[in-house]
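Taken together, the values in this text are just the output of simple stated rules run on the coordinates, not laboratory data. These numbers were taken from a predicted model, which means no experiment stands behind them. Cβ coordinates were reconstructed from backbone atoms using ideal geometry, including for glycine residues, and neighbour counts include every protein chain displayed.
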Amino acid sequence: MYIDKYKIVSMDYDWKRGKQSKNTSVQQEMISKECIMGRTFIQLLSDLDQAWHQHGMGKDCKIEVTFEPHKHEE
């Protein structure tokens, strides 16, 4: 299986005056319109999780997949 494009974001709580806010914002982001194999994408997720979340704080992971019909070029 190939993934045609993807967007990966890492959210975290904002901090104000040394206190954690209830609001979250994007801390890191990766966007690609280049095709990637499914297995390679899973490895990429694992590598990004290690690189972005080094402090051992667990993150919930949400994934949304859309299967669209192939667009035929005329």
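Here are a few things to note about the model shown:
- Hits in the range 1-14 (condition: of a type outside the set (Asp, Glu), more than 23 Å from Gln50 (Cβ to Cβ) and not in a loop (DSSP other than H, G, I, E, B)): Tyr2
- Which numbered condition Cys61 misses (of (1) touching a Leu at 6+ places or on another chain (Cβ under 9 Å); (2) surrounded by 10 or more Cβ atoms within 10 Å (Cβ to Cβ)): (2)
- Residue among Ile8, Ile31, Ile3 that alone is under 15 Å from Ile63 (Cα atoms) and exposed (fewer than 12 other Cβ atoms within 10 Å of the Cβ): Ile31
- Meets criteria (among the polar types (S, T, N, Q) and in a loop (DSSP other than H, G, I, E, B)) for Gln54: yes
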